[in-house]
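Only the coordinates and a few stated rules stand behind these numbers; no lab work does. Quantities reported herein were computed from a predicted structural model and do not represent experimental measurements. Every residue, glycine among them, receives a Cβ derived from its backbone with ideal geometry; neighbour counts consider all protein chains shown.
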Amino acid sequence: MAEVPKSTNVMPEARSIAAAAIAKDVLFTAVIAFIILGPIVGLKTFAISGSLALEQRWGLVTVFVAIVAGGRLAYHLLVWNKPQARPSRAISAPVLPFMNYAKYIAPALVAFAIILPFIPGVDRRIVDLAILILTYIMLGWGLNIVVGLAGLLDLGYVAFYAVGAYAYALLATIYLPAWFGDGIVPWAFFITLPIAGVLAALWGVILGFPVLRLRGDYLAIVTLAFGEIVRVVLINWSDFTGGPAGIGGIPRPSFFGLPFIEGEGGFAAFFGLDFKPIHRIIFLYYVILVLALFTNFVTMRLRRLPVGRAWEALREDEIACRSLGINTTSTKLTAFAIGAMFAGFAGSFFATRQGFVSPESFVFLESFIILSIVVLGGLGSQIGVVVAAIVIIGAFEVFRELNFLKAVMPAGFDPVQYRMLAVGAALVLIMRWKPRGFVTRREPSVVLKEKKAIPTDLVAEGHG
Amino acid sequence: MEYFLQQLINGITLGSIYGLIAIGYTMVYGIIGMINFAHGDVFMVGGFVSLIAIVALGITGGSGFFPIILALVLVVFIAMIIASAYNWTVERVAYRPLRGSFRLAPLISAIGMSIVLQEFVRIAQDGRPKPLQPIVTGGYEIMSRAAAQGEFIVRLSNMQIFIIITTLVLMALFTAIITRTSLGRAQRSCEQDMKMASLLGIDINKTISITFIMGAALAAVAGLMFFLYYGVTDFYVGFLAGIKAFTAAVLGGIGSIPGAMIGGLIIGLIEVFWSAYFTIEYKDVAAFAMLAAVLIFLPQGILGKPEVEKV
C-alpha cells in the first residue's frame with residue numbers, strides 16, 4: 001500500500017482578496033451545491049394513487065444554495081485571506097509538566113455525580129438523562145479497553161451489549177422463575193449481572209478468536225459484520241429471542257429485595273418515606289454510577305498489571321511485542337473479553353431500566369456512537385470519554401429542547417428529525433479540527449521519579 | 001435443474017450489481033487505503049436520483065422499446081453526474097483534509113459522512129420506501145419444454161439482460177480506461193507509490209478525485225439497476241449493499257478491478273443460492289460470515305497480492 005502524503009493545503013498559500021478568483025470559486029461552489037441539493041431536495045417524491053408524483057421545492061433549494069455559497073464567500077473574505085500561520089509540526093515539548101489541577105478534576109466529578117439527584121431543581125428528566133449519559137460513559141470505558149488501550153478497532157461492540165441485555169431479559173423473565181420460583185425475581189438483577197458479564201466475555205472470546213490476525217480496517221469491518229450477525233440472529237430466532245418484537249415485561253430492579261412499590265413491603269414503607277416513583281430512578285442512577293466507576297477502577301488497575309501493560313505495548317508495536325515474548329493471542333483475547341464483559345454489565349442494566357429489549361436497540365449506529373465517544377474523547381483517555389459522552393448524548397437531548405425553532409421555521413419542522421444529521425456532520429467536522437479527540441494528554445502507566453503527562457502525538461494508535 | 005438454472009441467472013444479475021459497487025470500494029482502497037464507508041450511500045443516492053428522474057421524465061412500462069432505452073440512457077447519465085458530484089464532495093469535505101492524519105480519523109469521518117447522506121435523503125424524501133411500477137418488462141422463457149409438463153419455468157427477464165449487458169459494457173470500458181489511458185496509468189502509479197508518482201509530476205489530488213468520481217458513476221448505475229430490479233428503494237439500502245459490495249471487493253482482492261467483479265458474482269450467487277436452498281432470513285448472515293471467512297483465511301483475496309509484513 002502506498003504511503004499517503006499529507007495533503008497540501010487545500011487553499012493556495014498567499015491569499016489576498018482576488019475578486020475574480022473568489023467569484024469563480026463561489027460560483028463553482030454554488031453549482032456543485034445545486035447539483036447535490038437540486039434533485040434530492042428540490043423534487044420530493046410522494047405516493048399518490050399507487051404511483052409516485054413529484055413535489056417541486058425550488059425555493060428551498062435556492063435558499064440552501066445561497067447559504068452554501070454565502071458561507072463560502074464569508075470564509076474567503078474573513079478567514080482565508082488572513083496570512084496563514086504555519087502550524088509547527090515539531091513536538092515542542094516531548095513531556096509536558098503535569099497539570100496540577102488535573103488531579104482534582106476526577107474526584108470533583110465523582111463528588112458531583114454522587115450528590116446530583118439531591119441537588120434542588122434536579123427533576124426526573126435530568127436524572128434520566130444522567131442515567132443515559134452514565135450508560136454511555138460505561139460503554140465508552142469498556143470499549144476504551146479494546147480500542148484505546150489495546151489498539152484493536154471494534155465496530156461491533158454493541159453485540160456484547162445485546163448479549164448482556166438479552167441474558168438478563170431471558171433469565172429474569174423465563175429461566176430464573178422456572179428454575180427457582182417467583183421468589184427470586186426481585187433478586188434477578190443482582191444474580192444475573194455477573195452471569196451477563198461472563199456470557200458477554202465468552203462471546204468476546206468467541207468473536208475475538210477468529211479475527212486475531214486481522215488489522216486496521218479489516219478488523220473494523222469484520223467486527224461490524226459480527227455485530228450485524230448477532231442482530232440478524234436476534235431478529236430471526238423468534239422462539240428464543242422473541243424476534244423483532246423483542247422481550248417485554250422484564251422485572252424492574254428492587255432495592256436488594258425491596259421492590260419500589262406503593263404500600264406494605266415496598267422500599268418507601270420500609271424506610272418510612274412517602275412513596276415516590278423517583279426513588280426507583282434514583283436507585284437506578286446509583287446502580288449505573290457504581291457500575292461505571294467499577295469499570296473505571298478496574299481499567300485503571302489493569303493498566304498497572306502485566307496484562308494492561310501488554311495491551312499498551314501491543315498498541316505501540318505488535319512486532320516488537322511478539323519478539324519480546326508477549327503472547328499476542330491471549331493479550332488480544334483478554335482485551336476483547338474484558339471490554340465485552342463491561343458491555344454485558346451495561347446491557348443488563350439497560351434491560352432492567354427499559355423493561356423491554358428488542359433488536360432495534362442494538363443497531364450498528366449504537367456501536368458507532370460508542371466508538372465516537374471513545375475517539376472524540378481521545379483514545380485511551382478515561383476523562384475524555386466522560387467529556388465526549390456528555391457532549392454527544394447531551395447534544396442528542398438538546399435537539400428535543402429546540403422547540404423555539406418550530407416557531408421560526410415553516411410548518412412541519414421538527415428539530416428531533418435533524419439530530420442524527422447534525423451528529424454525523426459534527427463528527428466529520430470534529431475529525432478535521434481535532435482528530436485525536438478532546439483530551440490530548442495521557443497519563444503514563446509507568447513513571448520514573450515524577451509523573452508527567454504525555455501528548456497524544458507520542459501515543460500510537462495500534463495496528464489492529 | 002431448472003430451479004438451479006433460474007437461481008444461477010438471478011445470482012449473476014445480483015452479483016453484477018454488487019460487482020459494480022465493489023469497483024468503487026476497490027479503487028478507493030487501492031489508492032488511499034481507506035474504506036469509503038459513504039460509498040454504499042452514494043449508491044443509494046444514485047438509486048434515488050434515478051427514481052426522481054424516471055418520475056420527472058414520466059417513463060412508464062407502457063412506453064415503447066426505443067423511448068424506454070433512450071430515457072434510461074438519459075437517466076443513467078443524470079444519475080452518474082449527480083452521484084459523482086456527491087462522491088467528489090464527500091472526498092473533498094471529509095477525506096482530503098484528513099489525509100495523513102491519524103488512522104482512525106478518516107474512518108470516523110467516513111462513517112459520519114455515511115450517516116449524513118442517509119439522514120439527508122431520509123429528511124428530504126421522507127423515510128417511506130418508494131415503490132415504482134416495473135419499467136423494463138417482459139422476458140424470455142428458457143426450456144419451455146418443461147412448461148408443457150407443468151414443471152418449473154426458467155425465466156430470463158429483459159431487466160436481467162439489461163443489467164448483465166450494461167455491466168459487461170461498463171466493465172470493458174473501465175478496464176480500458178485503467179489499462180490504456182494516461183489517466184489509468186496515473187491511477188495505477190498512485191496506487192503503487194503515491195510519493196513517487198507526485199515527484200514524477202502526477203497531480204495526486206486530481207487523480208484521487210477522479211477515482212472517487214469513477215467509483216460513484218459505477219455506483220450510480222448499480223443504484224439505478226438495483227432500484228429497477230427490485231422496484232423499490234429507500235434511504236437505508238446503501239448500508240447492507242455497501243457491506244456486501246465491500247465483501248466482494250475483499251474477496252476478489254482489494255485493488256483489483258476484475259477481482260471486484262468476480263467477488264461480486266460470488267457474493268451474489270451465495271446470497272441467491274442461500275435464499276433459495278436454505279433460509280431467506282439468514283441470507284445476510286451468509287454474506288457477513290463469508291466476509292469474515294474470506295478475511296481470515298484468504299486476506300489477499302482471489303486476485304490480490306499478498307501483503308508482506310515489514311518490520
To the nearest whole number, what is the average tally of beta carbon atoms from other chains within 10 Å of the beta carbons of peptide A:228-237?
-> 4
Once amide H atoms are built 1.01 Å from N in the peptide plane, which residues 5 or more positions from B:SER157, or in another chain, come under 5 Å H to H?
-> B:TYR140
When the convex hull of the Cα atoms of the stretch B:2-235 is projected onto a plane and the area is averaged over all directions, what value comes out in nm²?
-> 14.9
May I ask for the equivalent-ellipsoid semi-axes of the stretch A:19-78, computed as the square root of five times each C-alpha gyration tensor eigenvalue and listed largest first in whole Å?
-> 32, 9, 6
How many Cβ atoms of partner chains, on average, are near each residue of B:51-57 if near means within 10 Å of its Cβ?
-> 4
For the stretch A:114-458, convex hull volume per residue from C-alpha positions, Å³ = 179
Cα pair count fraction exceeding 12 Å, expressed as % - the stretch A:150-194 = 63
What is the mean number of Cβ atoms from other protein chains located within 10 Å of the Cβ atom of each residue in peptide B:85-96, rounded to a whole number?
-> 3
In vacuo Debye sum over C-alpha of the protein assembly as shown, base-10 log of normalised intensity I(q)/I(0) at q = 0.08, 0.11 Å⁻¹, listed in q order, is -0.73, -1.36
Table column - 3J(HN,Hα) (Hz), the stretch A:326-337, Karplus curve with 6.51, -1.76, 1.60, x for Gly and Pro | 7, 6, 5, 4, 5, 5, 5, 5, 5, 4, 4, 5
In whole Hz, with x marking every Gly and Pro, tabulate ³J(HN,Hα) for the stretch A:370-380 from phi via Karplus 6.51 cos²θ - 1.76 cosθ + 1.60, θ = phi - 60°.
-> 5, 4, 4, 4, 5, 6, 5, x, x, 3, x
